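**Student:** Have a look at this one.
The values are calculated or read from the model by the stated rules, or taken from the named source; none is laboratory data. Just so it is clear, the structure is predicted and the values come from calculations on it, not from any experiment. A quick note on method: Cβ atoms are made from the backbone with ideal geometry, for glycine too, and the neighbour counts reach across all protein chains shown. Accessible surface is based on the protein model in full, side chains and every heavy atom, while ligands, DNA and RNA are left aside. Shrake-Rupley method; radii C 1.70, N 1.55, O 1.52, S 1.80 Å.
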Amino acid sequence: MYSSEVLDQLRADAEQIMNRYPKGHERSALLPMLHLVQSVDGYISADGVKFCADTLGLTRPEVSAVATFYTQYKRHPNGEYNVGVCTNALCAVMGGDQIWEAVSGHLGVGHDETTADGKITLERLECNAACDYAPVVMVNWEFFDNQTPESTLALVDDLTSGRPVKATRGPEQVPTFKETSRLLAGFEDGLVNEGPAAGEPSLRGLKIAQEKGWTYPTPTGSAPAEPAVEVGGEHSSAERPPVTDEDKEGTK
């Protein structure tokens, strides 16, 4: 059962979340609210399910049905750091399976299991959506690119020892699982500007297209193709010309 202090803070945060949605559609706030209670308990507890149900006018089975559908919601206590190793096709070919075997053996835990000290929950992931950096490991959904068994063992040792860990394309120090859950609930952590937006492998195809002057075909009668995105350094930006009346006419 939540203490009165924790419950007061949960209610205040929940009100902010519900205010993001139109009146009468507060139940749409369930997903971020589940992240909110996870940021307090470290998983979706029975108390968290009851709080969401009571606050949103839902039944507990309705809340549990959602919480058990999405893998980012944990139904038992999670570690301080969720370490996900991708073993899907490309990462597996590039060494993901070897990384998994090495880390699982080193920590003495398997999929969705937590180390005895509560520091790390290990997870076998189907895809990290970062194939251009394979093999990839994620810690609380922050990227660690181009990993090897050796580098990943060093990573989990740093996490276990409490040493600060910097993501490849993310914040200077990886937040804890509870801190990340609060961010996913929609509360800013002030780290949005840390880390590059995109790296060289992700932008390589775009740069080749620019060098060769490639453009995508424009269907007859449609507006002119937009110019290629300008790429500079680690970030990319696009300068789009204003849409004219002639362009609008051409799309009719």
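**Student:** Within the bounds of the stretch 27-37, is there any residue that is assigned to a helix (DSSP H, G or I), modelled with pLDDT under 95 and open to solvent by 70 Å² or more (accessible area, probe 1.4 Å)?
**Tutor:** yes
**Student:** Can you pull out the residues in the stretch 21-44 that are farther than 11 Å from residue 185 by Cα and within 21 Å of the chain's Cα centre (by Cα)?
**Tutor:** Result: 28, 40, 41, 42, 43, 44.
**Student:** I would also like to ask the following. Examine the stretch 144-154 for a residue that is hydroxyl-bearing (Ser, Thr, Tyr), buried (at least 22 other Cβ atoms within 10 Å of the Cβ), closer than 30 Å to residue 46 by Cβ and in contact with a helix residue (DSSP H, G or I) (Cβ under 9 Å, 6 or more places away or on another chain), and state whether such a residue exists.
**Tutor:** To start, the set of residues in the stretch 144-154 that are hydroxyl-bearing (Ser, Thr, Tyr) comprises 148, 151-152.
Checking the rest, the ones that are also buried (at least 22 other Cβ atoms within 10 Å of the Cβ) come to 152.
Of the ones still in play, those that are also closer than 30 Å to residue 46 by Cβ are none.
No, that holds for no residue.
**Student:** Just one of (1) at pLDDT 95 or above; (2) in a helix (DSSP H, G or I); (3) farther than 26 Å from residue 120 by Cβ; (4) in contact with a helix residue (DSSP H, G or I) (Cβ under 8 Å, 6 or more places away or on another chain) trips up residue 61, so point out which.
**Tutor:** (4)
**Student:** Here's another thing I want to ask about it. Is it fair to say residue 82 is in a strand (DSSP E or B), within 30 Å of residue 151 (Cβ to Cβ), open to solvent by less than 70 Å² (accessible area, probe 1.4 Å) and at pLDDT 95 or above?
**Tutor:** In short, yes.
**Student:** Right, another one. Within the stretch 160-196, how many residues turn out to be in a loop (DSSP other than H, G, I, E, B) and either of a type in the set (Phe, Trp, Tyr) or open to solvent by 80 Å² or more (accessible area, probe 1.4 Å) (or both)?
**Tutor:** Pass one, the stretch 160-196, residues in a loop (DSSP other than H, G, I, E, B): 162-176, 185-196.
With the extra rule that they be either of a type in the set (Phe, Trp, Tyr) or open to solvent by 80 Å² or more (accessible area, probe 1.4 Å) (or both), the set shrinks to 163-164, 166, 172-173, 187-188, 192-193.
Selection size over the stretch 160-196: 9.
**Student:** If you scan the stretch 101-122, which residues turn out to be open to solvent by 20 Å² or more (accessible area, probe 1.4 Å) and not in a loop (DSSP other than H, G, I, E, B)?
**Tutor:** The answer is 101, 102, 104, 105, 106, 107, 113, 114.
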